[in-house]
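The values are calculated or read from the model by the stated rules, or taken from the named source; none is laboratory data. All figures in this text were calculated on a predicted structure; none of them were measured in a lab. FYI the Cβ positions are ideal-geometry reconstructions off the backbone, even for glycines, and counts take in every protein chain you see. In case anyone asks, the SASA skips ligands and DNA or RNA and just uses the protein heavy atoms, side chains included. Shrake-Rupley method; radii C 1.70, N 1.55, O 1.52, S 1.80 Å.
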Amino acid sequence: MISIGIDISKDKSTVCILKPCGEIIRSPYEITHTDTQLSELVSLIKSFNDEVKVILEATGNYHLPVLSYLEENNVFVAVINPLVMKKYANKSLRKVKTDKMDAIKIANYGLDNWYHLMKHEVSAETYVELRFLGRQYAHYIKLRIESKLALTNILDLTMPGIKRMLNNRSIHPENDKLNDFVEKYWHFDNIKNKSQKQFISNYATWAKKKGYHQSESKAIAIYELAQGGIPTLPSNTTTQVMVLEAVRVLREIDKTLAIILAKMQELARGLREYDVVRELNGVGEVLAVKLIAEIGDIQRFHSSKTLIAYAGIDAPPYQSGKFIGTNRKISKRGSSLLRKTAYEVMNCLKSNKPQDDPIYLYMLKKESEGKPKKVAKVVGINKFIRIYYSKVKELYAL
């Protein structure tokens, strides 16, 4: 029984090798994430005439080179949740934080939990790609929100009220009416300098060229808004550059999101569960691939409860003596992205109101019982995930 604890850092790691009763086989030492040094570690592991388990802590992407290299060489590797490792390390009265001490603690964790260690399962390549793309998609969504706010703030200073006049309803990133309009006029002074007749004519020509509805009433409303509006930034080259740059950044982010989503859809359509997930009420093309990307291979969850726990919407029991806690909150110790995606599904159900959908009816039932709307949606998510699990699991059981 040999436990190897690896404290992962960027480009390097600290390794400690222990046997039961605190016997040190090798004191903590550093290795770099290179083929040469990882190969030496694998050779050392295979030289032991005993059962060996490698324990390392999940650290974003830093641990992936070590993990993949060891798995390729058929080494038992257990990846531990950082929160679990932190609570284990806090058992010590004396707080010491060094890479060497962390490696020792990780190795000791392996010895103390030897029979409970689970070997890390390698996910199928498609699921790995989908998960990576899903995380990138979420990252660019955050950037889009920030960029949209930045553009809105600038427009409040150059064209106040224009956003309410030109709402975008197109699902195609290249067709954004507000962006196209702002790119052409960028300041109310460029509208004020024209007569109403000239602007109506220019607006009709612009709308025809861009493929938008040539509404004369809309043009008149925009012209009147410009005449009554009070821009607080001057219509000079500095303002023009800042407005056009904000539009350009937003367009580039939209293009990136479209490329990522297209690739995710291409990968997801090759999976058996795609059609099953798409058939679920409230799940469109975008939400389907986001759900599959974040959940991954359903076979890695031994029950629907584990998937619910992974989503972080379970409420663990709390009992001590005669006291039994009943007003429990969800744990939120899981995938926040999965929770957010499932919450979007609930919003779609509330918008579409499918009267034959059990999840929608269940949410209405909870609301009628006096539950707040958000609580009813969380309960709906719980039911939705159970249905998702049963349908996809049944598909792979065939």
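Among the residues of segment 185-214, the ones that are among the basic types (K, R) and in a loop (DSSP other than H, G, I, E, B) come to 1 in all.
Within the set of pairs 6+ apart or on separate chains, which have a first residue in segment 138-154 that is under 17 Å from E294 (Cα atoms), a second that is open to solvent by less than 60 Å² (accessible area, probe 1.4 Å), and C-beta atoms under 6 Å apart? Listed by first residue and then by second, the contacts come to A138/L337; Y140/I253; Y140/T256; Y140/L257.
The residues listed here are I230, I259; of these, the one that is open to solvent by 40 Å² or more (accessible area, probe 1.4 Å), in a loop (DSSP other than H, G, I, E, B) and not charged (D, E, K, R) is I230. Could you give every pair whose Cβ atoms fall below 7 Å, whose first residue belongs to segment 240-252 and is touching a residue at least 24 places away in the same chain (Cβ under 8 Å), and whose second residue is among the aromatic types (F, W, Y) and open to solvent by 50 Å² or more (accessible area, probe 1.4 Å), counting only separations of at least 6 or pairs across chains? Matching pairs, first to second residue: none at all. For segment 294-335, filtering for residues that are touching a helix residue (DSSP H, G or I) at 6+ places or on another chain (Cβ under 9 Å), over 23 Å from M118 (Cβ atoms) and of a type in the set (G, A, S) leaves 0.
With respect to being in contact (Cβ under 8 Å) with a residue 40 or more places away in the chain and in a helix (DSSP H, G or I), V182 fits the description.
Restricting the search to segment 111-152, which residues are touching a Leu at 6+ places or on another chain (Cβ under 7 Å), among the aromatic types (F, W, Y) and within 30 Å of K19 (Cα to Cα)? Once the filter is applied, which keeps residues that are touching a Leu at 6+ places or on another chain (Cβ under 7 Å), among the aromatic types (F, W, Y) and within 30 Å of K19 (Cα to Cα), segment 111-152 yields nothing.
When restricted to residues that are within 17 Å of S147 (Cβ to Cβ) and open to solvent by 80 Å² or more (accessible area, probe 1.4 Å), segment 234-251 contains 3. For segment 192-208, does any single residue satisfy the condition of being under 27 Å from D254 (Cα atoms), out of contact with any strand residue (DSSP E or B) (no Cβ under 8 Å at 6 or more places or on another chain), surrounded by 16 or more Cβ atoms within 10 Å (Cβ to Cβ) and of a type in the set (K, R)? No: zero hits.
Give the residue that is nearest to the chain's Cα centre (by Cα), with candidates limited to residues of segment 267-282 that are of a type in the set (A, V, I, L, M) and open to solvent by less than 10 Å² (accessible area, probe 1.4 Å). Filtering first and then ranking leaves A268.
Of all residues in segment 58-71, those that are within 11 Å of S13 (Cβ to Cβ) have Cβ atoms under 6 Å from Cβ atoms of residues that are surrounded by fewer than 16 Cβ atoms within 10 Å (Cβ to Cβ), 6 or more apart or on another chain, in Y62/K10. In this structure, S217 does not qualify as outside any helix (DSSP H, G or I), out of contact with any Phe, Trp or Tyr (no Cβ under 6 Å at 6 or more places or on another chain) and not aliphatic (A, V, I, L, M). Close contacts from segment 195-222, counting a first residue that is within 17 Å of K163 (Cα to Cα) and a second that is of a type in the set (D, E, K, R) and surrounded by 11 or more Cβ atoms within 10 Å (Cβ to Cβ), with Cβ to Cβ under 9 Å and a gap of 6+ residues or different chains, come to Y203/E216; Y203/K218; A207/K177; A207/K218; Y212/K177; Y212/D180. For T34, the requirement of being closer than 20 Å to L111 by Cα and within 33 Å of the chain's Cα centre (by Cα) is not met.
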